[in-house]
Amino acid sequence: MRMTKEEWESAQHLSIRLLTEQDIPEMRELFRTTVLAVNSKDYTKEEVADWASCGNSVEHWKELLAKNDYVGALDGKGNIIGFSSMNTDGYLHSMFVHKDWQGKGVATLLLSEVEKIARRYGVHKISVEVSITARPFFEKRGYKVVKEQKARANRLWLTNYVMEKAI
């Protein structure tokens, strides 16, 4: 995974840390605004609204944090500008980057971190379900589409892709 010069320079001011339940309010807001702003280029207004509503439940976030290791990318002021996750089975559940930090190396940094976590777990293959929007990012980093599918957000079924990468 090679970063561009611009991505590298932007990433120099970032830090990474594990996320906890105390981070849920910031994670919820980042998830919601990212889906509504970034994914609206590939999904309808109704689809992104339905998808964004999946992040409303604090209990759901607590369940996700209990099942997955979440890492956050923080800007120089300590604000979470992106997060991703990995579990012991090699499933990458989440990858969201703030709309103002798109294309600046944040997702590349987060992916590198969760791939390291997977290796520590002894995982040899990472699987992930990605949006239409995220597919090119993952393809550029060696992930292959296994299948296109319809996945339920809240009420609606949205197109996404099951992808895998051997590590």
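The values are calculated or read from the model by the stated rules, or taken from the named source; none is laboratory data. Computed from a predicted model, the values in this text were never measured in an experiment. Every residue, glycine as well, gets a Cβ built from its backbone with ideal geometry; the counts of neighbours run over all protein chains shown.
I'd like the full set of residues that are at pLDDT below 95 and not small (Gly, Ala, Ser), limited to the stretch 9-27. Scanning the stretch 9-27 gives Glu9, Gln12, His13, Leu14. Assess whether Asp89 counts as being closer than 19 Å to Tyr161 by Cβ, at pLDDT 95 or above and either more than 14 Å from the chain's Cα centre (by Cα) or surrounded by fewer than 20 Cβ atoms within 10 Å (Cβ to Cβ) (or both). When the stated conditions are applied, Asp89 passes them. Name the single residue that is nearest to the chain's Cα centre (by Cα) among those in the stretch 50-62 being surrounded by fewer than 17 Cβ atoms within 10 Å (Cβ to Cβ) and closer than 25 Å to Lys150 by Cβ. Here the residue is Cys54. Listed by position, the strands (runs of 3 or more DSSP E) inside the stretch 61-167 whose residues that are among the polar types (S, T, N, Q) and touching a residue at least 12 places away in the same chain (Cβ under 8 Å) number at least 2 are 80-86, 125-131, 157-166.
State yes or no: is Ala151 of a type outside the set (S, T, N, Q) and crowded, with 18+ Cβ neighbours inside 10 Å? Criteria not met by Ala151. Would you mind stating whether Val71 is within 20 Å of His13 (Cα to Cα) and aliphatic (A, V, I, L, M)? In short, yes. Among the numbered criteria (1) at pLDDT 95 or above; (2) in contact with a Ser or Thr (Cβ under 7 Å, 6 or more places away or on another chain), which one does Val106 miss? In the conditions (1) at pLDDT 95 or above; (2) in contact with a Ser or Thr (Cβ under 7 Å, 6 or more places away or on another chain), Val106 misses (2) alone.
Whether a residue is at pLDDT 95 or above, part of a helix (DSSP H, G or I) and surrounded by 20 or more Cβ atoms within 10 Å (Cβ to Cβ) was assessed, and Leu30 passes this test.
Residues that are more than 14 Å from Met27 (Cα to Cα) and crowded, with 22+ Cβ neighbours inside 10 Å were ranked within the stretch 92-104; the one that is farthest from the chain's Cα centre (by Cα) is Lys104. Only one of the listed residues (Leu158, Leu65) is within 25 Å of Asp50 (Cα to Cα), buried (at least 17 other Cβ atoms within 10 Å of the Cβ), modelled with pLDDT under 95 and in contact with an Asp or Glu (Cβ under 9 Å, 6 or more places away or on another chain). That residue is Leu158.
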